[in-house]
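Worksheet: the structure to be examined is printed underneath.
The values are calculated or read from the model by the stated rules, or taken from the named source; none is laboratory data. No experiment lies behind these values; they were computed from the predicted model shown. Cβ: placed from backbone, ideal geometry, glycine included. Neighbour counts: every protein chain shown. Each accessible area value is taken on the protein alone, full model and side chains, heavy atoms only, with ligands, DNA and RNA left out. Shrake-Rupley method; radii C 1.70, N 1.55, O 1.52, S 1.80 Å.
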Amino acid sequence: MTRPLARGGTLLLASIAATAIANNYAIQPALSAVAADLGVPLSVIGLVPTAALTGCMTGFALLLPLTDHLAPNRLVSAQLTALAAALALGAAAPGAVVLLAAYVLIGAAAGVAAQASSIAGRYAPAGRRGTGVATVAAGMSAGILLSRLAGGTLADILGWRRMLLVFAALALLGAIAAVTLLPRQQPHSRRGYRATLASLPPLLRHHPQLRRAVATGGLWYFAFNLIWVALALTLAQPPHSLGPTAIGLYSLAGLLGFAVLPLTGRLADRYAPHTVIAAGMLIAAAGTALLATGLNNPPTTAIGLALFDAGCFVAQAANQSRIIALNPQRSGSLSSVYLVLYFTIGAVGTAVAAPLLNTLGWQGTTLAALAALLLAAALVPIGNRQTRREPTCGTGPASGSER
């Protein structure tokens, strides 16, 4: 019997997720200063975000399944300690090679944010899984939204090296809290770690709902990256010609998405996740339709971005809750498969944003994103009808996840 999280445990996991995931983005406003300090071209230091993403994907694939094997207090504290060490290595980096290597490690360790979501879902009290996952998702969203602001401010005041040390100190504080407050119960698993890794690809075959979750989630994350990359490129060009700070302010529209996430959890607990996901996609589609009218009216753009972000955040929290519910005892493995493919599809959106913008313009690009969102919404009811025929995933030998 899995014991629920102690009082305040979910909020601790949300705080850990926020401060951990922020490390993938906090240095971005200071990249030019880093390049000047290390005496290397900006094009080289520009690879830092790529290194962090590479590490994060590696962490999702190799470290997230550990939530099915290790006690949360040991796993989270160890990974946060590793994150602090990687940040200290980055702060002491004498050159670009060491810094890039450090950011691969930072990205991998920052994947503890996804572990926090899986743990919150697994150890949530009965009937509160959606709320637990959404609370951690709110923390992650806050970390992503505020990371560049916090990182840039600290870098201006302290310098980029000391800024990394501040985040290292936060990681160590989180490690101390995790070892004290998170569950000490070790999950029961019939397989070893290597067997778990080998079992990840078959999960897609055994779980039709996981395939549908990947398809719908990938579609909206494709649209999410497509819109935000194209927006930054469009606002930087005439007739807008905005600077980085002004462009960055548009990201504050995402605060609406952050604000509605706790409500999302309660809705996911009360109603079927597919209902929340479909509603999220329609909200995001409405926001995208507003964005397609053009960027000449900043209030309209801000409303469009707020609805777009809120819809995507709502759908993601409900989708992750749905994935964990397939088999809470293998939530780490299921989330690993989902997030690796989710980020891969999202990376395609990032890659095609500039070519689509050059070919179709802003309106055409937003319509492509709108098509992806509507397709995701159309897939959700199909998943719901088929869910009734899909066997319930248990922990016994007959479970598809154990075959």
Estimated inter-spin distance, Arg162 and Val98, nm [label 7 Å along Cα→Cβ]: 2.0 nm
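When the accessible area of the range 287-338 is computed with all protein chains present and a 1.4 Å probe, what percentage of it is carbon and sulfur?
Details: 850 of 1250 Å².
Reported share for carbon and sulfur atoms: 68 percent.
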Highest to lowest packing among 23-34, 353-364, scored as the average C-beta count within 10 Å: 23-34, 353-364
Overall Cα dimensions of the range 5-163 - principal axes, largest extent first, Å: 55, 28, 20
Solvent-accessible area per residue for the chain (1.4 angstrom probe, square angstrom): 42 Å²
Label-reachable residues, the range 338-365, where backbone N falls under 20 Å from a point 7 Å from Ser241's Cα toward its Cβ: 362
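Could you tally the net charge around Leu87, taking each other residue with its Cβ under 15 Å from the Cβ of Leu87, Lys/Arg +1 and Asp/Glu -1?
On the way: positive: Arg161, Arg162; negative: none.
It works out to a net charge of +2.
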Selected from Arg128, Arg330, Arg205 as most flexible by GNM, with the chain as the system and alpha-carbon contacts under 10 Å: Arg205
Under the span-like rule (Cα at least 30 Å along the axis, Kyte-Doolittle mean at least -0.5), DSSP H helices of the chain: 129-158, 160-181, 208-236, 298-326, 331-387
Fully extended contour minus Cα-Cα distance, from Thr180 to Thr58, at 0.36 nm per residue: 41.2 nm
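Quantify, in whole percent, the carbon and sulfur part of the accessible surface of the range 1-153 (1.4 Å probe; protein heavy atoms only).
Numbers: 3770 of 5430 Å².
Answer for the range 1-153: carbon and sulfur cover 69 percent of the accessible area.
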